[in-house]
Amino acid sequence: MTAPDQLAIRFLFASLGCLAAGLAVWGAAGLARRWLPALGMQRSTWLLAQLAIAATFMLLLAPPGQQVNMLPVFEVDVNAAASLPAAQPEQDVGAVTPLANAGQRSWLAWLAWAWVLAYVAGLAWMLGRLWQGQRMLERLAQGGARQAAALPAMIEVDAPIPPMLVGPFKPRLLLPRSLRDMPALQRELIVAHELTHWRRGDLWWCTVGAMLQALCWFNPAMRRLRERLTWAQELGCDRDVLRGRPQAERRAYAAALVAQLRMQHHAAHGALAFGGVSPNTLAARVELIRAPAATRHALWSRGAGLAILALAFGGNLALQPALAWTSAPFRLDCTIMLDAASGERLVEQGDCGARVTPASTFNIAVSLLGYDAGILHDTHSPALPFRQGYADWLPAWRTTTDPTGWIRHSTVWYAQEVTTRLGLNGLQSYLRRFDYGNQDLSGGVAESWIGSSLQISPREQTAFLRKLVRRELGLKPQAYDMTATLLRLPDLPNGWNVHAKTGTAFLAPRDGVADPHLAYGWFVGWASKEGRTIVFARMVLEPRQERGAAGPLLKQAFLRELPARLDALQTTT
């Protein structure tokens, strides 16, 4: 599975999480509104509800924390490989996948890409609808007659539209010519209503709500919440316009709303504008105009509503890590094998382009640069004493260590001594020469390969190892010779000799604490026989096994199947 496929799958799960968040927020708001009727009149409640859903969507889209911390790894003793039983060809030959099948996508990836295309189409439709609505209103404004200078500008248009405040960047009030036929008091109240929208900044609230709805257009809760936002804005304007007015003017205002409903024939659907009367809300608005006491206690109801929404959003955030993890493949798996001479990719299975921490496999690079720089001398020197303060996760690390013991036990402090003596500039120079992964040492000269800054993909591992085998890294011959000696494993039963290194790291979530339930496992190296060399990299991210560390377990499994794989490649090539 490629990195774009993973991103598409994360987008799919983020969309599902957005739907779940919408259901939770709408349900919480519905319950609150049932117990607190005044809650429905507060525009802030509905806009914040939209923001809560959109924020959940964006949080789920953010890449899950990929910082990893390399934890202690005790390598399987090299002599143990000699006792590994050879895999039977009839069981393993079928597992060798030629390169032609390496790019196959899972059904989940195809579904995710289908949803991405549908989302882009829906977003384009929503934005196009807004643009067309704005264009229609712009044409009306340009063809209308501007009345006396005012802010916002008032423009009389000869069109069957309701009075409409258009904006937000250049607010204008469009008044249909048919408004002249209404009584003067009703005209005054209608204009006052639209101007109140302008003074309250409702056009900006409308714009934000429309953008949030466009972003999450697939979520029905966003449409319902925006409708509630518009409803609350209309009620707020009704309340402000009628504050302190006598009952006669209230009746005139209600009559004006009914007259608008009869007058309007077209509404600017999708435009960033206020105007028109909805038949679905007219009766409720008229009832609230007649009974203004129903709008009391708005302050405490607003606070209670916000508290309920905060709880709903907090629940979404609590759910976010689980949903974020499901947006990435639960099991990352790659096997890649190259012909060292030609560079031909013989096998590629899984997502071999994903970069992760190199963990202990970085010791191959450290060995090369250590011998080339003269820091390391041979297989047993320098022998460095253990000091207080060094990483001492394993008993084998708490003793004097030489290059052989370092590679066998993946002793972290020994590698740190080599890289520290070389220095940041020297280490960076070697990584550029090796073209090693992302070459990012921001994590520190002694910790970058242990944390998350230095990362490498299986493809990049095999490219690096191919240069090592072909001695194309521009190093002293001793660096190649000694590194190969340190990495040598017992020969396979079918005569291939193997040089390889393991690595183990646990996935760390956003809080930086390593997750002991998910582990990266690496096993990388090369196999040679009769003048032919095949470079390989095996990497997995999967639930941790109780019986051992991921790297050594992967090593054992791969060495069992490697003879059959190599024999199959010899036969097919």
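Any residue that is crowded, with 22+ Cβ neighbours inside 10 Å, out of contact with any helix residue (DSSP H, G or I) (no Cβ under 7 Å at 6 or more places or on another chain) and within 23 Å of Tyr520 (Cα to Cα) - is there at least one of those in the stretch 362-375?
Taking every residue of the stretch 362-375 in turn, at least one turns out to be crowded, with 22+ Cβ neighbours inside 10 Å, out of contact with any helix residue (DSSP H, G or I) (no Cβ under 7 Å at 6 or more places or on another chain) and within 23 Å of Tyr520 (Cα to Cα).
Residues that are β-branched (Val, Ile, Thr): list the helices (runs of 4 or more DSSP H) wholly contained in the stretch 419-491 that include at least 2 such residues.
Values: elements: 424-434, 458-469, 477-487.
Because the criterion is at least 2 residues that are β-branched (Val, Ile, Thr), the helices (runs of 4 or more DSSP H) in the stretch 419-491 that meet it are 458-469, 477-487.
Of all residues in the stretch 362-404, which are small (Gly, Ala, Ser), over 22 Å from Ser448 (Cα atoms) and at pLDDT below 95?
Residue satisfying the conditions is Ala396 alone.
As an exercise: evaluate Ala479 against (1) crowded, with 20+ Cβ neighbours inside 10 Å; (2) in contact with a strand residue (DSSP E or B) (Cβ under 9 Å, 6 or more places away or on another chain); (3) modelled with pLDDT of 95 or more and give the number of the one condition it does not meet.
Unmet condition: (2).
What are the residues in the stretch 441-462 that are closer than 19 Å to Cys352 by Cβ and either basic (Lys, Arg) or surrounded by fewer than 19 Cβ atoms within 10 Å (Cβ to Cβ) (or both), if any? Even if it seems obvious, please write down each step before you answer.
Taking the stretch 441-462 and keeping what is closer than 19 Å to Cys352 by Cβ, we get 454-462.
The answer is Arg459, and nothing else.
Among residues belonging to the stretch 327-361 that are under 25 Å from the mean Cα position of the chain (by Cα) and within 24 Å of Gly444 (Cα to Cα), point out the one that is surrounded by the fewest Cβ atoms within 10 Å (Cβ to Cβ).
So, considering only residues that are under 25 Å from the mean Cα position of the chain (by Cα) and within 24 Å of Gly444 (Cα to Cα), the one surrounded by the fewest Cβ atoms within 10 Å (Cβ to Cβ) is Arg355.
The values are calculated or read from the model by the stated rules, or taken from the named source; none is laboratory data. All figures in this text were calculated on a predicted structure; none of them were measured in a lab. Cβ sites come from the backbone with ideal geometry, for glycine too, and all protein chains shown count toward neighbours.
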